[in-house]
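To start, the structure under review is shown below, and the notes come after it.
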Amino acid sequence: MKAVQYRAVGAAPEVVEIPKPVPGPGQILLKVTAAGVCHSDIAVMSWPAEEFPYELPLTLGHEGVGTVAALGEGAQGVSVGDSVAVYGPWGCGTCVNCAEGRENYCLRAADLGINPPGLGNPGAMAEYMIVDDARHLTPIGDLDPVKTVSLTDAGLTPYHAIKRSLPKLLPGATAVVIGTGGLGHVAIQLLRAMTAVRVIALDVTEEKLALARTVGAHETVLSDEHAAAKVRELTGGIGAKVVFDFVGAPPTVQTAGAVASIDSDITIVGIGGGMLPVGFGVLPFSTSVSAPYWGSRKELAEVIELAHAGAVDVHVETYSIDEAPLAYERLHAGKINGRAVILP
Ligand code: NAD
Ligand code: ZN
Ligand code: ZN
């Protein structure tokens, strides 16, 4: 079968021919119907050899949707032919966090060497993939796989970030979304579906800001050195009750700190290496800064419910599996508006 693999540190991803996998006991074989292209893969492929944590070659793709093709011995809970989304942040299944479905915060995954598909385990950018356990599958029914696949990360990650801050996302409050790409353009829709806040979106190009407005941002601001002052002006000097930074780079975390209001949440989702100093008087009083990771199994089910309700519409550019390296090039160059999806 064809697979998109990262084969050597520093090399571009390649489309290669590898054996079709066979599900072991308890595992499920999926015929992949769609796989999403996340900016985190570009970060992973920029890590130096001495820090690279996974074995190579690595089949990419941590956003996956597929049809159940075969069940390993004893596997239960899904049937051949079911259309399912893959929950990516696999955990041990038994620690206190996993027991609540919060496998993204598994206490033992690192010790046990449990990794997500596409980030250590073979991922979804292939004709077939193995999922370790049926609990990591969410049925999607008649939802379109292409439109749904990125909800497993570009939907789930912002959903988790928003849900934690819901007590602050009250009518009259402002939420700022920095970076309106794959995750950010879904975050805007989730904020509009789940709250009555005013959404101000920041990005670096007019094209991205146009998409942000299309998907529901009330105001858009070019993300430059004047951005914080503009957000302050738009909020009557008060600032934002919650700031979501989907870039996480040094200039954007600085903007995040500068637009936060008293008693706000600053949530850094992007892994751009930015750091925000915290200390008395450094940020507005009672401001919390956090960096959450992905989301829980229950939250993925909730995001899929939102999709069934028609509340989220991922803006998708599709590519064949042979074009996957091109999709990564375009994402790296900032040319994807919305999410790139590979059709294996
Ligand atoms: P993306 O490339 O689709 O979107 C990033 C957006 O940020 C683009 O629209 C880009 O134009 C914009 N941008 C770049 N520099 C900017 C700046 N200075 N100011 C404002 N906007 C700027 O990427 P994505 O797939 O949506 O991922 C976003 C980030 O989230 C990445 O860093 C990714 O690694 C990270 N991520 C984190 C988690 C998590 O669990 N914490 C999960 C998924 C992705
Ligand atoms: Zn991702
Ligand atoms: Zn666990």
Under the Karplus relation with 6.51, -1.76 and 1.60 and θ = phi - 60°, whole-Hz ³J(HN,Hα) for segment 114-127, x at Gly and Pro, equal 8, 10, x, x, x, 10, x, 9, x, x, 8, 8, 7, 5
Phi angles of segment 190-204, converted by Karplus (6.51 cos²θ - 1.76 cosθ + 1.60, θ = phi - 60°) into ³J(HN,Hα) in whole Hz with x for Gly and Pro, give 5, 4, 5, 7, 9, 9, 10, 6, 8, 10, 10, 10, 10, 7, 9
For segment 13-130, the dipole about the Cα centre with charges only on Cβ (Lys and Arg +1, Asp and Glu -1), to the nearest 20 debye, works out at 300 debye
Expected vector for segment 156-170, Karplus 3J(HN,Hα) from phi with 6.51, -1.76, 1.60 and θ = phi - 60°, integer Hz, x for Gly and Pro, equals 5, 5, x, 4, 4, 5, 5, 4, 5, 9, 3, x, 9, 8, 8
Charge tally for neighbours of Thr33 with beta carbon under 14 Å away, counting Lys, Arg as +1 and Asp, Glu as -1, is -3
Answer in debye to the nearest 20: the dipole magnitude of segment 156-290 about its Cα centre, from +1 Lys/Arg and -1 Asp/Glu charges placed on Cβ, is 440 debye
Length gained if Ser290 through Lys163 is fully extended, taking 0.36 nm per residue and subtracting the Cα-Cα distance, is 44.4 nm
Relative contact order as a percentage, the chain, C-alpha pairs under 8 Å and 6+ apart, gives 19 percent
per DSSP, antiparallel bridges as share of beta bridges in the chain, % nearest 5, sits at 50 percent
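Would you list Ile262, Ile268 from fewest to most Cβ contacts within 10 Å?
Ile262, Ile268
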Excluding residues fewer than 8 positions from Lys147 in its own chain, the lysines with Cα under 21 Å of it are Lys31, Lys208, Lys298, Lys335
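Given a Förster distance of 56 angstrom, what is the FRET efficiency for Thr318 paired with Arg108, based on the Cβ-Cβ distance and rounded to 0.05?
It comes to 0.90.
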For Arg198, the net charge from surrounding residues (Cβ-Cβ under 15 Å; K, R +1; D, E -1) works out to +4
Sorted on mean Cβ neighbours within 10 Å (highest first), peptides 113-122, 282-291, 207-216, 27-36 come out as 27-36, 113-122, 207-216, 282-291
Restricting to aspartates and glutamates and to Cα separations under 15 Å from Lys168, and discarding same-chain partners fewer than 8 apart, the set is Asp263, Asp265
Once amide hydrogens are built 1.01 Å from N within the peptide plane, the residues lying 5 or more places from Asp265 or on another chain with amide H under 5 Å from its amide H are Val242, Val243, Ser288
Log entry: pair-distance distribution for the chain, C-alpha pairs binned every 20 Å from zero, whole % per bin is 32, 58, 11, 0
Nearest-0.05 FRET efficiency for Ser79 and Glu206 at R0 = 41 Å, using Cβ-Cβ distance, is 0.30
Of 294-305, 10-21, ordering from highest average Cβ density within 10 Å down gives 294-305, 10-21
Length gained, Lys20-Lys298, 0.36 nm per residue minus C-alpha separation, equals 97.0 nm
Between the Cα axis of helix 297-308 and the main Cα principal axis of the chain, the angle (0 to 90°, nearest 10) is 80 degrees
Honestly segment 156-290 on the Cα gyration tensor test (a ≥ b ≥ c root eigenvalues; a/c under 1.5 rounded, otherwise a/b vs b/c for prolate or oblate) is just rounded
Given the candidates Gly26, Ala173, His62, the one whose Cα lies deepest towards the positive end of the charge dipole of the chain, counting +1 at each Lys or Arg C-beta and -1 at each Asp or Glu C-beta, is Ala173
A chain fully extended from Asp144 to Ala311 at 0.36 nm per residue, minus the present Cα-Cα distance, gains in nm 58.7 nm
Nearest-0.05 FRET efficiency for Val282 and Met194 at R0 = 30 Å, using Cβ-Cβ distance, is 0.50
The size of the Cβ-based charge dipole (Lys, Arg +1; Asp, Glu -1) of the chain about the Cα centre, to the nearest 20 debye, is 740 debye
Residues whose built amide H sits under 5 Å from the amide H of Ala34, excluding neighbours closer than 5 in sequence, are Val65
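With a cut-off of at most 16 other beta carbons within 10 Å, and DSSP calling the residue loop, which chymotrypsin sites (Phe, Trp or Tyr not before Pro) in segment 54-118 qualify? Please list them.
Loop-located and lightly packed - Tyr54.
Here, each number is a calculation from the coordinates, and none is a lab measurement. Every value quoted in this text rests on a predicted model; they were computed, and no experiment measured them. Cβ atoms come from the backbone with ideal geometry, glycine included; neighbour counts cover every protein chain shown.
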